[in-house]
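**Q** The structure under discussion is supplied below as C-alpha cells; questions concerning it will follow.
The values are calculated or read from the model by the stated rules, or taken from the named source; none is laboratory data. Just so you know, these numbers come straight off a predicted model, no measurement behind them. Here Cβ is always computed from backbone atoms with ideal geometry, including for glycine, and neighbour counts include all displayed protein chains.
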Amino acid sequence: MVVASHYPHIETDEKGTLRIGASRYEVIHLASEHFHHGWSAEELLRQHADLRPEEVYAALAYFYDHYEAMVAQMQAFNERGKARLQDQTLTREQLLKRLGKAQG
C-alpha cells in the first residue's frame with residue numbers, strides 16, 4: 001500500500017521553492033541548520049521565534065522524508081560557493097581599496 005505524503009505547513013512558491021507557509025523561510029534553510037549545526041526543533045524555534053512548532057516539525061519531517069535529495073542539494077550549494085571563491089581574482093587588499101578601506 002502506498003500512502004501519499006502531505007505537509008500542511010509547506011507550500012511551493014512560484015519559483016518552485018519549498019517554503020514554510022507563505023513565510024520567507026525555505027525548508028532547505030531550516031533543514032541545513034538542523035543538518036549542519038545539529039539544531040533540534042526546539043533550537044530552530046528559539047532561533048526563529050516567528051515560526052510555530054508545527055511548521056518546524058513539518059520542515060524536519062519533509063527533510064527526513066527526502067533526506068538524500070536534500071543533503072545532495074545542500075552539498076551542491078556548498079560546492080557552488082567553493083567554486084565562486086576559487087574564481088575570485090581580486091586580493092583582499094584590492095577589495096579593501098574598492099571599499100575605500102585600504103590599509104597603510
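**Q** Applying the selection to the range 39-63, what residues are of a type in the set (A, V, I, L, M, F, W, C), surrounded by 11 or more Cβ atoms within 10 Å (Cβ to Cβ), over 21 Å from Gln75 (Cα atoms) and free of Cβ contacts under 8 Å to residues at least 12 places away in the same chain?
**A** Once the filter is applied, which keeps residues that are of a type in the set (A, V, I, L, M, F, W, C), surrounded by 11 or more Cβ atoms within 10 Å (Cβ to Cβ), over 21 Å from Gln75 (Cα atoms) and free of Cβ contacts under 8 Å to residues at least 12 places away in the same chain, the range 39-63 yields only Leu45.
**Q** Given (1) assigned to a helix (DSSP H, G or I); (2) touching an Asp or Glu at 6+ places or on another chain (Cβ under 7 Å); (3) closer than 17 Å to Phe77 by Cβ, where does Arg19 come up short, assuming only one miss?
**A** (1)
**Q** Let me ask you something else. Any residue in the range 61-70 that is in a loop (DSSP other than H, G, I, E, B), under 21 Å from Ile10 (Cβ atoms), within 17 Å of the chain's Cα centre (by Cα) and of a type in the set (Ser, Thr, Tyr)? Lay out the reasoning, then the answer.
**A** Initial filter on the range 61-70 (in a loop (DSSP other than H, G, I, E, B)): 66.
Now drop any that are not under 21 Å from Ile10 (Cβ atoms), which leaves 66.
Still in the list and also within 17 Å of the chain's Cα centre (by Cα): 66.
Pick out the ones that are also of a type in the set (Ser, Thr, Tyr) and you get none.
Scanning the range 61-70 turns up no residue that is in a loop (DSSP other than H, G, I, E, B), under 21 Å from Ile10 (Cβ atoms), within 17 Å of the chain's Cα centre (by Cα) and of a type in the set (Ser, Thr, Tyr).
To keep it simple, each residue is scored yes or no on (1) aromatic (Phe, Trp, Tyr); (2) modelled with pLDDT of 95 or more.
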| site | (1), (2) |
| --- | --- |
| Tyr7 | yes, no |
| Leu30 | no, yes |
| Ala41 | no, yes |
| Glu68 | no, yes |
| Lys82 | no, no |
| Thr89 | no, no |
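**Q** Right, something else. Looking only at the range 23-53, how many residues end up being over 16 Å from the mean Cα position of the chain (by Cα) and not in a helix (DSSP H, G or I)? Break it down stepwise before answering.
**A** Taking the range 23-53 as the starting set, the residues that turn out to be over 16 Å from the mean Cα position of the chain (by Cα) are 42, 46, 49-50, 52-53.
Then keep just the ones that are not in a helix (DSSP H, G or I); that gives 49-50, 52.
Selection size over the range 23-53: 3.
**Q** Restricting the search to the range 22-38, which residues are without any contact (Cβ under 8 Å) to a residue 24 or more places away in the chain and either surrounded by 19 or more Cβ atoms within 10 Å (Cβ to Cβ) or over 20 Å from Phe77 (Cα atoms) (or both)?
**A** Matches in the range 22-38: Ala22 only.
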